[in-house]
Amino acid sequence: MKRLVGITLFIGIIISNSVFAQSSTKKVQVAILFDTSNSMDGLIDQAKTRIWGIVNEINTLRYQGQVPKLEIAIYEYGKSTLSIENHYVLRLLNLSNELDEVSKQLFALRTNGGDEFCGAVIKHSLDELEWSNDTTDLKMIYIAGNEPFTQGPIKYQEVCIEAKKRGIFVNTIYCGPYDQGVKESWMDGATCSGGSFFNINSDAKIVSLPTPYDDQINKYNDSLNTTYYGYGVKGESKKTLQSSQDANAETQSISSKTERVAAKASRNYDNSSWDLVDAVNNKQVDIATLKDDDLPKELKGKTIEEKRNFVESKNDERKEYQGEIQRLSSERQKFIEIELAKRAKEGNEVDDFGTKVNESIQKTALELGYVRK
C-alpha cells in the first residue's frame, strides 16, 4: 500500500471567531515524553514538524462553549548523558502555556545512547507536574519510543494505574511494527490507564502539503509580529525567541510555518508574561503602574493616556491580523481536506507522530464532553 506519511489528518481548523471566544478555567494538559536514545532522530523531527498541528487541533476544542487553556510539558528519557540516579529522565519544560518555549525545547532535543525506562519517566511526570484535579479537564501523557516498555526499576503497571485513578490518560506510541509494539508491552502500557496505543514509522520522511494560502498567511504573520512589544526583564529576549521559533518552523517546511502562524492567531498563544499588549488585555499588568525602565522604547516618557491608547491600537491591529489569518486558515483547511480525500482514494496512509496524537486527543476529548468547532 502506498503511504502518505506526515499529512496530519486533523490539521487545526481555526474558526473565524476563536480569538474572541470566551476563555475559561478549563484546561487541556499534555505531557510529551520523548525517547532521546540514538534511534529516535526521526521521531523528534516529526514532532518538530507537527507540534503546531497538534496545538491547532487542541484549539478546536470547546467545553460548554468555552476555550480550554492549553498547557504542554516535555520530558526526555533514555539518553546516556542523563543522570542514572534520576533513571535517565529529565524534565525539560513544566506544564506551560508559553508555546514558544515548547517549540524551543523541541528544537533543542539531541539524541544519544542509553537505557529507556518507560515506567520511570511516566512516574516522574506524574509526580513532578502540576496536574489538574478537575475530572473534566483533559489530561494526556504521550510516551514515544522503541524499546521494551518493561525496562527499568519502576513497574509501568503501577504508574499507569496511578494515572488512571487521577484521570490522566497514558498514550503510547511505538516507533516500529505494530505487532512488535504489542509484544513489548506498549499496548498494555496504554490500555491499563484507559489510553490509546499507536505505532508509527518514525524514520519515514514527512510529506508536506503546500496550499495556495500559505504565502498570504505568512505575510500576515509578519504584520502580526509588529504588534508585540516586550516589557520587563524578559521582554527583549522573549521577543527574540518568538522570531527564532518562526524561523525554526520554517526550516521544517512551509506547511509547518503556516501551522505555527495559525496557532499564533488563537487564544492559546498567550504571551502575557512578556508582551505588553497581551498583559494589559488579560489584566496581568496595569500600564499606569509600570516604570519607564520596564516599558518598550516606544512608550518611554509618554503620558498614561498615550500609553493606553498605544496599547489599545496595537490590540485592535492584532485582532485584525488574527482574524485574517483565521479566515485564510479555514480556507486552507478546506483545500487540504479535498487533497487528502483524493490521496486516500489512491490508498495513501497517514501514520506520523502528529496524526496519532491528534486522533487520540479528539477521541478522549469527545468522551469527556468536549466538542470540536
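Read-outs throughout are calculated quantities, based only on the coordinates presented, and are distinct from any laboratory measurement. What you are looking at is a predicted structure, and each value in this text was computed from that prediction instead of being measured. Counting neighbours? That spans all protein chains shown, and the Cβs are built from the backbone with ideal geometry, glycine included.
Annotation: peptides 267-280, 149-162, ranked by per-residue average of other Cβ atoms within 10 Å with the highest first, follow the order 267-280, 149-162. Taking only Cα atoms and a 10 Å spring cutoff, compute GNM fluctuations for the chain and point out the largest among E71, E317, E128. Of E71, E317, E128, the Gaussian network model singles out E128 as fluctuating most.
State, as an integer percentage, the relative contact order of the chain based on alpha-carbon contacts under 8 Å between residues 6 or more apart. Could you put the intermediate results ahead of the total?
Numbers: 728 pairs, mean separation 96.3, N = 373.
Relative contact order, the chain: 26 percent.
Using θ = phi - 60° in the Karplus curve 6.51 cos²θ - 1.76 cosθ + 1.60, the 3J(HN,Hα) couplings for the range 155-161 round to 6, 5, 4, 5, 6, 5, 5 Hz; x is entered for Gly and Pro. Among G354, G176, G145, which one shows the biggest mean-square fluctuation in a GNM of the chain, springs joining Cα atoms closer than 10 Å? The residue with the greatest mean-square fluctuation here is G176. The residues R91, R110, R166, when put in order of fewest to most other Cβ atoms within 10 Å, stand as R110, R166, R91.
Among the cysteines of the chain, C118, C175 have no other cysteine beta carbon within less than 4.7 Å of their own. Compared with the dominant principal axis of the Cα atoms in the chain, helix 214-225 is inclined by about 60°.
Dipole check for the chain: with +1 at the C-beta of Lys and Arg, -1 at the C-beta of Asp and Glu, and the Cα centre as origin, the magnitude is about 720 Debye. Using only side-chain charges placed at the Cβ, +1 for Lys and Arg and -1 for Asp and Glu, the dipole size of the range 214-337 relative to its Cα centre rounds to 180 debye. The angle separating the long axis of helix 41-59 from the principal Cα axis of greatest extent in the chain is about 50 degrees. Near the amide H of K139, within less than 5 Å, lie the amide hydrogens of Q29, F169, all on another chain or at least 5 residues away, with H placed in the peptide plane. Proximity of backbone amide H atoms, modeled 1.01 Å from N, is registered between G232 and L295 at under 5 Å, excluding neighbours fewer than 5 places apart on the same chain. Only one item in [x] 22.1; [y] 21.3; [z] 33.5 matches Kirkwood radius over Cα pairs in Å derived from the coordinates shown, and that item is [y]. Taking a ≥ b ≥ c as the square roots of the Cα gyration tensor eigenvalues, the range 85-240 comes out prolate, since a/c reaches at least 1.5 and a/b is larger than b/c. When the chain is modelled as a GNM with alpha-carbon springs shorter than 10 Å, which of T355, T172, T226 fluctuates the most? So, out of T355, T172, T226, the one fluctuating most is T226.
Based on Cα contacts under 8 Å between residues 6+ apart, the range 214-337 shows a relative contact order of 36 percent.
Convex hull of alpha carbon positions in the range 214-337: directionally averaged projected area 7.5 nm². Note the angle between two axes, namely the Cα long axis of helix 254-264 and the longest principal axis of the Cα atoms of the chain, as a number of degrees from 0 to 90, rounded to the nearest 10. Compared with the principal axis, the helix lies near 60 degrees. Diffusion coefficient of the range 54-158 by Stokes-Einstein, Kirkwood radius over Cα pairs, 37 °C, 0.692 mPa s: 215 µm²/s. Toward the positive end of the charge dipole of the range 214-337, with +1 on the Cβ of Lys and Arg and -1 on the Cβ of Asp and Glu, the farthest Cα among T251, V233, Y269 is that of V233.
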